[in-house]
1. Does any residue of segment B:438-452 turn out to be in a helix (DSSP H, G or I) and either at the interface with chain A (Cβ under 8 Å from one of its Cβ atoms) or under 34 Å from the mean Cα position of the chain (by Cα) (or both)?
2. Residue A:437 passes all but one of (1) under 22 Å from residue B:484 (Cβ atoms); (2) buried (at least 20 other Cβ atoms within 10 Å of the Cβ); which number fails?
3. Could you list all residues from segment A:313-339 that are exposed (fewer than 15 other Cβ atoms within 10 Å of the Cβ) and more than 30 Å from residue A:206 (Cβ to Cβ)?
4. Among the helices (runs of 4 or more DSSP H) confined wholly to segment A:365-464, which include 2 or more residues that are in contact with a strand residue (DSSP E or B) (Cβ under 8 Å, 6 or more places away or on another chain) and in the same structural domain as residue A:590 (by TED's automatic domain parsing)?
5. Going residue by residue through segment B:334-342, is there one that turns out to be modelled with pLDDT of 85 or more, away from chain A (no Cβ under 14 Å), touching a helix residue (DSSP H, G or I) at 6+ places or on another chain (Cβ under 9 Å) and not in a helix (DSSP H, G or I)?
6. Which condition does residue B:244 not pass, out of (1) more than 30 Å from residue B:183 (Cα to Cα); (2) surrounded by 17 or more Cβ atoms within 10 Å (Cβ to Cβ); (3) in contact (Cβ under 8 Å) with a residue 24 or more places away in the chain, if it passes all the others?
7. When residue B:270 is evaluated against the numbered criteria (1) under 30 Å from residue B:305 (Cα atoms); (2) more than 7 Å from every other protein chain (Cβ to nearest Cβ), which criterion, by number, is the only one it fails?
8. Restricting the search to segment A:239-259, which residues are more than 9 Å from chain B (Cβ to nearest Cβ) and under 24 Å from residue A:180 (Cα atoms)?
């Protein structure tokens, strides 16, 4: 219940985690091999350049003649041109891999997010998710496309150099190997700590993203409370923590890479002393030592690079952990494979197999508790709602009025028991089938950035402009539109910010009407709408709700009086049910609620008198 | 013009480097020293192999020669070869030590920079006018504050130092080459202006592309953010596929823009490498011809070539740096957009006038961009200590009136005046006005903290823990939310907001009311803040408020007559104009809008149904 559960990871560098990314790189294996091939080719050319210089010395300068000079210049130029072509191709391919893999990762995360349940969204800040979708995915693809390839080049170079050294003098090459255990110990020691540091960095990073999100979306509230400085103090604690962790991790890196370089320098020094001794005792030819040393010098840089890449690699593992953690998060509500086979998944419905929905809803022995713990809010609950019934749910704020609606709409599933729609357990149909038939109007409606028209059209993507205007007219949303300079083409702002709550409620009402659903849910849908407009809407609603199953959640008892069935909720439990008249006769909780409201009205009458 | 603007962008960002300049200086120094040692290490090895072990004569002079002789010259070293090995190791130690210090100081410097930049962004965004927040997309701003900041970190961590290093090596190489052979040096450096011009051209061309790509990323990020916030709309409409299609469009645009950038950069880097290769070839060919003709000696030629090698590396690097800089230039621009937006400001000599006075709105006219007039010449007075209620149609400008009073928006010149106790609120300090106007918004926002922290957010940090909790509890009980809070597992320690327990709309509103109460403001505004609360709770809150508010001026906005009827004065707004004003009785007698709304809410049928 307390703070956000961020997955904890404590494995060291783990190939299993990396393997999770293989499917994303697989489609680009041609490009990957292309890049690696180009790198190797480039390495070969790089090896040749110094040779060209000694060729010039040996063939032109020492003999003092210029014969064959033009072919020499030409072939040198050809090598330069070849290198140019490689760079051009290599950058293209690497960028293609980076961006397309990044794109696919983002897409996979986004698609998966569309299937995760409300319980996930209820407890995970948007900023946290955003950081995973956007920045973590980018880092993974960037690392693999540029870093991994560079590292392969370096490793190939080291191996090649080592083979050459072994061919020159196997024993001397053996001495070079002596540093391997030292390098290994250093690597294991540091990489574990660097990985830990990077995990911490990524964790704080998503907290910072979350804080920005909150700082921006809560800006208005902060202003009214004049707590900007206080918020900033909280934020600066996060950034300080980030700084500490980053510097600490950078320090590990700063010690690790030079230590590796130092190890390789010792090896060179050793070879120098030992090899020199061998030469002076005429055991080894001078030329051999000279060549050997060239290679020994040559591998210092790549070894250092590999160390650097290794830390980059380790830095990327937390990104992978976070992205795959998101991808592996199982939705609480899933359609079974059989259902998907018949009805299609959440994205592509097989509409030809969809049964038309009547709107009979039945709760059959339903027990329910929210996934984030707590007590059962429903126990062995039974209720039949015939198609076309208007069900009103009343009760105090926070009494659990939305629970029934959440269950009926399958935003949550019963812990035990069944919910039947048209006599069939809704788990035997797809979520999309049900959701395509629901019109939901919320108390705090969310509109998307875009025009009024686009927002209403969200209810039915095929709707014509006339249908949109008709829907708006039905629920008096056209009064909002007429106040806007550009009418239906006016921008509503992010989340509908430019409109008042009441205006947003009207637009979202029109949106639901346009969807023409079989099941209507009005969750305090008119709480911020003025009385006169509300009266108009109520008349419209009674037409709209005819022949549709509907749920009304409201405080104002006048709005629910005409409902076929009224459920009275208290402390998360349904304590009374019936129609208005029978409930009043019961003289129970509903009666007292009603009297309460009525008393006030009576008071008004008195004042009037 | 564009040039100065770009400079301005960098200046806006790079001023946050200042606090770390000592670290930077040290990083620069040590990294150059490391470069020198890196240059030296192979020389020592070569010397050992060629001169000590091999037969080549030494070419040492000055200090090095003295040192060489001090350790016994060639013979001495040959018998103690480990001296040479030790020399290699010592140079390596020095090199790595410098490298270590340089890495440490660089990270200190750049982390310090990022910290200051992040803090500046956050604090600045908090203080930007509300209008600015309306005009900018959250996801886009977040992308700037995260991804663009990362780019700038790269810029100050790598590129800044690298530029210095490149210049250093260039100057070093050229100054060594000139004394050796002026003509060949001219040829060698003739390529620099060519590459510089080419890079300049490229920089211009690619900056636009980088901007496009960065903007596409902002759009993508905003799209994801909106989808996540709107999940409760996406699902019930079964719009997952539609959302994915829209996402794909933006995601593809973003990645393909980068792929295209990859093409351009590849071409640029390739051509840059071609220039460098041709430069080396030219120097090599020219040198060979010169040497064959006897103009220079073989030894000179070889040394010259090695210096040219040193020269070509920075030239080659320059290309990479410039393309990176084009990218960070765009990021700097996007960040400067935030940082250069003007914060809310007070007038000079802004005052802190007492706020427990009459509030007067005089000829207030206000409209938002793209909307017809919201408020049209509205004039009224709210007597100090009275309860004032506003009733009006959806979108009639009620909230705007209150936003103006709280100075979330400022009235433009000539659009009337709002004053408290005859002092124009625009002449007061903004924070003063807001502290003295307690406001509960229509859709209140709770922060991801505990309920206690949320309610106590306006209290001074110096308040003791017990005192704080006591005050919080008192406020919560006035707002009738204490029972609900106590029923949570963690009580007042329950975390709410984005990452906590989901409160119902009514609970949220009541927590927000409790939070506002602790502000102890002389003016309190309830902007339809009981809309999600049931009638029973509504009336008990009002009762509790009435008993506890003391002398505060209270402004209530509601659609419920029962909520408003006890107010001293009720203002009825219609389409931004005052339709009627007066007490409940006066308005009923008036037989206007108020009366008709009253009638609707007092629906005859209702009473009948109740059997009365």
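The values are calculated or read from the model by the stated rules, or taken from the named source; none is laboratory data. In this text, all values refer to a predicted model and were calculated from it rather than measured experimentally. No Cβ is skipped: glycine too gets one built from the backbone with ideal geometry, and neighbour counts run over all protein chains shown.
1. To start, the set of residues in segment B:438-452 that are in a helix (DSSP H, G or I) comprises B:451-452.
Pick out the ones that are also either at the interface with chain A (Cβ under 8 Å from one of its Cβ atoms) or under 34 Å from the mean Cα position of the chain (by Cα) (or both) and you get B:451-452.
Yes, segment B:438-452 has at least one match.
2. Looking at each condition in turn, residue A:437 falls short on (1).
3. A:336, A:337, A:338
4. On the way: elements: A:401-408, A:431-435, A:452-457.
Where helices (runs of 4 or more DSSP H) fall fully within segment A:365-464 and carry at least 2 residues being in contact with a strand residue (DSSP E or B) (Cβ under 8 Å, 6 or more places away or on another chain) and in the same structural domain as residue A:590 (by TED's automatic domain parsing), they are A:401-408, A:431-435.
5. Step one: filter segment B:334-342 for residues modelled with pLDDT of 85 or more, giving B:334-342.
Still in the running and away from chain A (no Cβ under 14 Å): B:334, B:336-337, B:339-340, B:342.
Now narrow it down to the ones that are touching a helix residue (DSSP H, G or I) at 6+ places or on another chain (Cβ under 9 Å): B:334, B:336-337, B:339-340, B:342.
Next, from what is left, pick out any that are not in a helix (DSSP H, G or I): B:342.
The answer is yes, given that some residue of segment B:334-342 is modelled with pLDDT of 85 or more, away from chain A (no Cβ under 14 Å), touching a helix residue (DSSP H, G or I) at 6+ places or on another chain (Cβ under 9 Å) and not in a helix (DSSP H, G or I).
6. (3)
7. (2)
8. A:252, A:256 - these are the residues of segment A:239-259 that are more than 9 Å from chain B (Cβ to nearest Cβ) and under 24 Å from residue A:180 (Cα atoms).
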